[in-house]
Amino acid sequence: MAWRPRDFKEKPRRRLTHPARPAIYRRVSPIKRHFFVCQTRRPEGDKPSCGAQGAELIYSRLLEALDRRPELGRDVAVTACGCLGECYDGPLIVVYPEGTWYAKVKPDDVPEIVEKHMIGGQPVERLRFKREVGS
């Protein structure tokens with residue numbers, strides 16, 4: 001045991017409930033839908049990447065749509081992200097919390113995604129990622 005002065009009194013430790021964070025940090029996010037747009041760009045000759053297939057334009061168009069509709073600002077977020085792992089099916093968008101994945105998205109698809117999913121809450125079925133059995 002380490003040396004301590006005779007009049008030393010150890011302060012009682014404060015126990016935090018699980019998870020080990022004060023309640024102020026455990027608030028639920030007000031965001032209802034969070035759109036993540038893959039921006040990965042690989043060198044020429046490597047496997048395909050979303051960035052090389054127009055993901056930057058898709059991302060910027062989604063941000064422009066949010067700017068034009070300030071009422072969505074509290075409910076919807078758009079974030080650029082790294083590789084989502086399905087490179088041959090890009091550009092990819094994943095929407096949380098529902099876990100909707102969009103594949104082979106084109107910049108011309110953005111208005112439909114905005115109207116149906118961002119505003120209406122319904123995924124665009126024709127763009128949904130469909131994983132093949134066995135892959």
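Given an 8 Å cut-off on Cα distances and at least 6 residues of separation, report the relative contact order of the stretch 32-127 as a percent. It comes to 34 percent, rounded to a whole number.
For the peptides 66-73, 98-105, the ranking by packing is 98-105, 66-73, with the highest mean count of neighbouring Cβ atoms within 10 Å listed first.
Applying Stokes-Einstein at 25 °C and 0.890 mPa s to the Kirkwood radius of the stretch 74-113, computed over alpha-carbon pairs, gives a translational diffusion coefficient of 219 µm² s⁻¹.
Please compute the Cα-Cα pair-distance distribution of the stretch 32-127 with 10 Å bins starting at 0, giving whole percents from short to long. The percentages, shortest bin first, are 17, 53, 25, 5, 0. Which of the aspartates and glutamates could a cross-linker span from Lys47 if the Cα-Cα distance has to be under 20 Å and same-chain partners fewer than 8 positions apart are dropped? Cα-Cα hits under 20 Å: Glu56, Glu86, Asp89, Glu132.
Where a number appears in this text, it was derived from the coordinates with a stated rule and is not lab data. Treat the numbers as computed from the prediction; the structure is a model and nothing was measured. Heads up, the Cβs are rebuilt from the backbone with ideal geometry, glycines too, and the neighbour counts pull from every protein chain shown.
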